[in-house]
Every structure is written in structure tokens, then in C-alpha cells.
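The values are calculated or read from the model by the stated rules, or taken from the named source; none is laboratory data. This is a predicted model, so every value here is computed, not measured. Using ideal geometry, Cβ is built from the backbone for each residue, glycine included, and neighbour counts are taken over all protein chains shown. To get the accessible areas, we keep the full protein, side chains included, count just its heavy atoms, and leave off ligands, DNA and RNA. Shrake-Rupley method; radii C 1.70, N 1.55, O 1.52, S 1.80 Å.
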Amino acid sequence: MSVTTAARVDLLAIRRNVELLRESAPGAQLMAVVKADGYGHGIIPAARAAVAGGASWLGVATLDEALTLRRAGLDVPAMCWLYAPGERFDDAIAEGVDLSATSVGQVEEITQAAARVGHQVRLHLKADTGLARSGATAADWPALVDAAL
């Protein structure tokens, strides 16, 4: 006996779900997270459906994902939050991708890249709220904020 598995992606459902979320909070901005190839649904089709539904931001985990969005012509604000040590931020900064920082070292790497490409970067600081998944601890937070300022 063979079993066939298939996933059907309904892009209209993605769009409608975003529309419903927008309707539930008028005036709020909404970020559609499309990391991991749109959770296996295709990063570009999922992102386009979300933007068509009113998503004002796109969220991704990696710089490659952020650049994939930009190469596809998606120019809504996009935020990226996961990097390997020594990652090159230059292209993402040049493309206007927002970046997150969890440590003083990351802030320094990002600001050096911004200086190299001659662009400002919008930086989001990530706090560890207790899940220990990443982010600055309460003890490290003041130094992170100082570095970002």
C-alpha cells in the first residue's frame, strides 16, 4: 500500500486571514512572518498574499530570506532577526532591511556594515524575556541599549 501526501496552499486563505487580523485591530501594523520558505508554502507567494491582505511588514529569520523578498520586488518593511557570527549585513542594509541585535557585538557588526555601505539601518533590540531563545538578558540590556545609541 502506498500513501501519497500532498499539501495544498490556498493563497486566498493567507490573504483573507491577514485581512481578518487587520480588521480586528484597525490602525495597527501587522507583520506576516514568512520565514522557512513561508513555512513551506513558498516565501514569495505567501509574502505577496499577505501583503495583498494588508500586511504592513514581513518577518524573516535569515538575511538570505530578506534578500529573496527584495529581489522579488517586495518593498514593504522587512525585519530579519537571526544571524551566524561574522555574517555580512551589507546587502541587507543597502536594501533597507530592518535588523535585530541581541548583543553589543552584533550592534557593532551591524553599524560597521552600515558605515561601509553608507546607509542608516533601523535596528530592533531583542530582549530575552525568559525563554532563553536569544536576546539580551536583563543584566546585558543596559549595555545593548548604550551600544545601539
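Expressed as a whole percentage, what fraction of the accessible surface of the range 1-48 belongs to carbon and sulfur atoms when a 1.4 Å probe is rolled over the protein heavy atoms?
On the range 1-48, the fraction of accessible area on carbon and sulfur atoms equals 56 percent.
Using Cα pairs closer than 8 Å and at least 6 residues apart in sequence, work out the relative contact order for the chain, in percent.
That works out to 15 percent.
Mind jotting down the distance between the C-alpha centroids of the range 106-148 and the range 14-79, whole Å?
23
Return one whole number: the accessible area per residue of the range 35-149 in Å², for a 1.4 Å probe.
52
Shape call for the range 1-79 from the C-alpha gyration tensor, a ≥ b ≥ c root eigenvalues: rounded (a/c under 1.5), prolate (a/b greater than b/c) or oblate?
oblate
Determine the gain in length on full extension of the stretch residue 21-residue 119; use 0.36 nm per residue of separation and subtract their C-alpha separation, reporting nm with one decimal.
The span from residue 21 to residue 119 would gain 32.0 nm if fully extended.
Between residue 5 and residue 82, what is the label-to-label distance in nm when each label sits 7 Å out along the Cα-to-Cβ direction?
About 2.0 nm separates the two model spin labels.
Could you order the peptides 55-68, 109-122 from most to least packed, using the average number of other C-beta atoms within 10 Å per residue?
Peptide ranking by packing, descending: 55-68, 109-122.
Can you bin the range 50-149 into rounded, prolate or oblate? Criterion: square roots of the alpha carbon gyration tensor eigenvalues sorted a ≥ b ≥ c, rounded for a/c under 1.5, prolate for a/b above b/c, oblate for the rest.
The shape class here is oblate.
Out of the total accessible area of the range 56-149 (probe 1.4 Å, heavy atoms of protein only), what percent is carbon and sulfur?
53
To the nearest 0.05, how large is the calculated FRET efficiency for residue 71 and residue 145 if R₀ is 25 Å and r is the Cβ-Cβ distance?
0.15
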